[in-house]
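Participant: Sharing a structure here in structure tokens format.
The values are calculated or read from the model by the stated rules, or taken from the named source; none is laboratory data. Just so it is clear, the structure is predicted and the values come from calculations on it, not from any experiment. Neighbour counts run over all protein chains shown; Cβ positions are idealised from the backbone, glycine included. Please note that ligands, DNA and RNA were not included when accessible areas were found on the heavy atoms of the full protein model with its side chains. Shrake-Rupley method; radii C 1.70, N 1.55, O 1.52, S 1.80 Å.
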Amino acid sequence: MFSNYKPTWMVDAIYKITPSQLKKQGIKGILTDLDNTLIAWNNPDGTEELKSWLLEMKNAGIPVVVVSNNNSERVAKAVAPFGLQYVHRALKPFSRGIKQGYQLLGLKKEDVVMIGDQIMTDVKAANGAGVRSILVQPVIPTDSWKTQINRAAERKIMRYLLKHNPELKWRGGI
Ligand SMILES: [Mg+2]
């Protein structure tokens, strides 16, 4: 039950994911959620940690594409300071935006990983596309009202998944 919500890995924060960890898993490109994964929903500027993590990936030759359910205007504005490519209106939990993301990179589904803070959108979309996923803790613990509605259901599913999949744990890397 709930296997379509099960992430491949769970990592405390996106900044803990390193190029060498990714390369060991054959991962050549990153798809990532925007809000509360890369940046706080109420702080669009991002942190120094984010900037250095993106630079680390760039230097390692691992491209990063934002896959967001938000509209083009909002996503374009958010990613502009970081110079990232993006897919907008990704319609997660459907898998279309995930496919667009790896196609944009010229990569195959086996070559990429989807990173996000929500199992009901990010992880489900990745699983539907046959792409491995990394669930991360939200950048900040509070959410926009839209996200809060999903969180209660997510907590229940997470409790089930953690109970029935002992290998699934929050870790410092993949
Ligand atoms: Mg998010």
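Participant: Using θ = phi - 60° and the Karplus form 6.51 cos²θ - 1.76 cosθ + 1.60, what ³J(HN,Hα) does each residue of the range 25-33 get, whole Hz, x for Gly and Pro?
Facilitator: Per-residue couplings from phi come out as 9, x, 8, 10, x, 10, 9, 9, 5 Hz.
Participant: Which order do the peptides 155-161, 25-31 come out in when sorted by mean C-beta neighbours inside 10 angstrom, highest first?
Facilitator: Details: 155-161: 14.7, 25-31: 20.0.
Ranked from most to least packed, the peptides come out as 25-31, 155-161.
Participant: Follow-up. Roll a 1.4 Å probe over the protein heavy atoms and report the accessible area of residue 47 in Å², nearest 10.
Facilitator: Rounded to the nearest 10, the figure is 50 Å².
Participant: Another one. Using protein chains only and a probe of 1.4 angstrom, how many square angstrom of residue 49 are accessible, to the nearest 10?
Facilitator: 110
Participant: Using just the Cα positions, wrap the chain in a convex hull and report its mean projected area in square nanometres, one decimal place.
Facilitator: Working: hull surface 36.0 nm².
The directionally averaged projection comes out at 9.0 nm².
Participant: Give the shape of the range 56-124 as rounded, prolate or oblate, defined through the alpha-carbon gyration tensor: a ≥ b ≥ c are the square roots of its eigenvalues, a/c under 1.5 means rounded, and otherwise the shape is prolate if a/b is larger than b/c and oblate if not.
Facilitator: oblate
Participant: Go through 129-137, 37-45 and give me the packing order, highest mean Cβ count within 10 Å leading. Display every interim value, and only then the final one.
Facilitator: On the way: 129-137: 21.9, 37-45: 17.0.
Output ranking for 129-137, 37-45: 129-137, 37-45.
Participant: For an R0 of 25 angstrom, estimate the FRET efficiency from the Cβ-Cβ distance between residue 170 and residue 24 and round to the nearest 0.05. Intermediate values should be presented prior to the final figure.
Facilitator: On the way: r = 19 Å, r/R0 = 0.78.
Efficiency, from the Cβ-Cβ distance: 0.80.
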